Each structure stands twice: as C-alpha cells, then as structure tokens.
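The values are calculated or read from the model by the stated rules, or taken from the named source; none is laboratory data. A quick note: this is a predicted structure, and the numbers were derived from the prediction, not measured. With ideal geometry, Cβ positions are generated from the backbone for all residues, glycine too; neighbour counts draw on all protein chains shown.
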Amino acid sequence: MKKDIAILAFSGGLDSTISVDWIKKNYGYEVVTLTVDLGGGQFSADLEKRAKKAGASDCLIWDVKEEFAKDFILPSLLAGAIYENEYLLATSIGRPLMAKKLVEAAIEYDAKAVAHGCTGKGNDQVRFDTAIKTLSSDSPLEIIAPAREASLTRDEEKEYAKKLDIKLPGVGERVYSIDRNLWGLAIEGEDLEDPWIEPPEDAYMITSSLEDAPKKPKYIEISFNKGTPVKLNGKKLGLVNLIEELNDIAGLCGVGRTIHVENRLVGIKSRETYEAPAATVLYKSLQSLEKLNLSRDQQRMKSMISTTYSDLVYDGRWYSGLRENLDAYCKSSARYLTGDVRIKLFKSNCEVVGVRSPYSLYSFDLATYSSEDKFDHNSAVGFIDIYSLPSRIQRKQQIHDEMG
Ligand code: ARG
C-alpha cells in the first residue's frame, strides 16, 4: 500500500533534520522535504544529501526570493513594520510565505500532512499553524510538529542527531537556532538566552563588530519610487539585488545588530539577537522621506498603523483582512514617497544625512532664519491668541485654585 506523505519544511538545521526520521518512525509517513529559499544564502550546498541521509524520499528546493521581496518585504517596509521598536520582523514575514509553499507542495504531492520544526514555546508554531489552517481551510491538512510533540530539549536533539550520524553546523559545542532570510536573521539559544551575557562575536553572521568595521565612513545613496527602493548609488536594481547588495555594504560597516528582550505571543519574554543591515538602512531611509513628504497628520496615522501592523504580523495574522486593509493605506500614503536619501554608515551607526524629493513639503523660505524668510511673524500672534483661548478660559473658570 502506498504510504501517506508529509511535506516537511526543511532548513538543514538541527530541528528539521531530526524531524525527518521522527515523522517516519512516529507517523509511518513518507517524508518529502521542502526547502523554501527566502534569500540570505542560508542553505548549505549538501542540503539534498542531508535530507536524503536523514531519510527523506524527495527533496524540493524552491527559490521564492522574488515573491518574498515583492509581496512580503515591500509591504512591511511601506508599513514601517518594526516590533517593539527593535525587531524588523524578518522571521515573522518569512513564515507565512513558507506556510503558503508547504500548502502548495501538499497539493502537488497529494500529501496528507505538512510539518515544521517549531518547538511548542515559540511564535513560529503559531505563524505556521495559523497560516496553514487559513490557507488550507477547504481541505484541512494535518499538521505535524515533531519538536513540539516530542518536546525534546536542545541536548536531546543533539543526541538524536548524533545517533543518526548527522553532523550539525555549529560552533564547537554551540549550536544556535538561526533563522535567516533576505530581510535579516535571528539567532537564538545557547548562551544568548541569558539577558546579562553579551552575545559572543561568533554568534553573528552578516555584520562586522564595531571594532572590525572600517575606520572611514561609507556614504551611500538610495532612491525611492512611491516608497519602493529602486536605485542604490545611482544604479537601478531589482528589490532582491538591492537588498542583497545593501546587506553586504551595511553589514560590513556593522549596521543592523539588535539585542533585546522581546514579548512573545505565547506569553513569555525571550532574549533575542538579530542582524538586519539592509532592513535597518531601508527602514530609516524611508522614514526620513516620510518626514519630508508627509503631513504631520499623515505621519501620526502612519505610526499608529505601523504599531498595529507589526503586532499583527508578529502574531501570525499575515493572512487577515486587516493586514490587507492596512497595506492599502500604506500604499496610498507612499504615493509621493519618491526621492533620494543619503546615508552615512560608520562603525555600526546608520545616519540619514541628506534627503530630497520633488514632492517635498519642506519649504526653505518658511523654515529659514535668514533674510530670505517669508514666514509671516505677525500672523503668529493672532494664531497664538486663538490657540490659547480654551486653556485661558478653562484656567479662569475651573483650575485657577489648583494651579495657584
Ligand atoms: N523571536 C523572533 C520571532 O518570533 C525570531 C524567531 C526566530 N526563530 C528561530 N527559529 N530562530 O519572530
């Protein structure tokens, strides 16, 4: 009899590698691995060999970088998505696309189940499961999560891998849990879990340390068209290439590292270490263009939307009506975000030092303190008279005593 098939999201890391064997033994299913390439160059060349060695009957590798950049990174950039002011959400936006591809592969292989290597205490399980359930609601797929079901500790997982004679990419005894894509990477586990301990230098993969970053500042220029970055240093580039090049340039200057304690959706706080050089530069650059081109009201609305959007994406609600509604707002608010931004990258610092746009709302004549000043100072007096009216009346009628 033909065995049922499970499609397993496969990165070649510890969790997903031992999952192949675990599913075969515990479910009796045939396992097809699916590696979803979201960029960032994270996969080892022997991925297929590793999958087969772990017991997979087939190994798919799908390059979805373009789709990731266009449909996931760009909307998040336009929304100014940053979780708790620190995390640019690389993993959070990667998961829904991976889930989408798992469902597509399941249809192609007529599979009964899909599987992922998430544990039972992270956000990723919520993102995967919610997206899979949402996208396959017509004919629900079984979801298998070996790490969650077997509840193995990191050391037990390492032991399991040893028994299967599977070598793991790691530094000495340290095996970090790394999730990497075009938009950035998250490093977890081992000594990083102690918020008091500074992450060791070998935990970082794509950014230089402050000490090793070049001694001279690097100036770059990014051009935007309706919020989409289209040129780097005057060179026209597609979004994927632009982000790749920017990751290299900014990463070399040590830009984009973040260490913080984060509130997970599942209720616990976790210590997180991130690298996101290109995302950091693009986020700051677009924000500087917004400051130039959006009205104050638009900026306030945008920052409210950013917070809601970030929580929504972090919490695994990518495939929701609200996210689509917010995208429509952000796209509309980006209509005039066309212009150039000049950035100075220096010793892990990313500073916007220049911004210009044909749609700029900045008026030199109004802002200057020089003799070219065109602002009507006299009308300020009348403005303040009316502006202060409510507080003057209130003070007189109500709060005179308290305020003395
Ligand atoms: N804390 C981040 C998030 O929830 C990153 C998770 C990274 N996952 C991993 N398996 N290393 O989005």
3 or more residues within 16 Å of the ligand (Cβ to nearest atom), of a type in the set (D, E, K, R) and at pLDDT 95 or above: qualifying helices (runs of 4 or more DSSP H) within the stretch 63-154: 124-135
Residue check for I61: β-branched (V, I, T) and either without any contact (Cβ under 8 Å) to a residue 60 or more places away in the chain or surrounded by fewer than 23 Cβ atoms within 10 Å (Cβ to Cβ) (or both): yes
Single residue of L141, L135 found to be more than 22 Å from the chain's Cα centre (by Cα) and of a type in the set (A, V, I, L, M, F, W, C): L141
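Looking at K167, K216 in this structure, which one is modelled with pLDDT under 85 and either assigned to a strand (DSSP E or B) or away from the ligand (no atom under 16 Å from the Cβ) (or both)?
K167 is the lone residue from the list that is modelled with pLDDT under 85 and either assigned to a strand (DSSP E or B) or away from the ligand (no atom under 16 Å from the Cβ) (or both).
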Residue within the stretch 22-30 that is touching a Ser or Thr at 6+ places or on another chain (Cβ under 7 Å), at pLDDT 95 or above and crowded, with 21+ Cβ neighbours inside 10 Å present: no
Unmet requirement for F43, which otherwise passes all of (1) assigned to a loop (DSSP other than H, G, I, E, B); (2) within 16 Å of the ligand (Cβ to nearest atom); (3) surrounded by 23 or more Cβ atoms within 10 Å (Cβ to Cβ): (3)
Unique match (being hydroxyl-bearing (S, T, Y), within 30 Å of N325 (Cβ to Cβ), surrounded by 15 or more Cβ atoms within 10 Å (Cβ to Cβ) and at pLDDT 95 or above) among T273, T307, T207: T307
Residue among L210, L239 that alone is in contact (Cβ under 8 Å) with a residue 60 or more places away in the chain and under 17 Å from N181 (Cα atoms): L239
Identity of the residue in the stretch 170-187, out of contact with any strand residue (DSSP E or B) (no Cβ under 8 Å at 6 or more places or on another chain) and not in a strand (DSSP E or B), that ends up modelled with the lowest pLDDT: G172
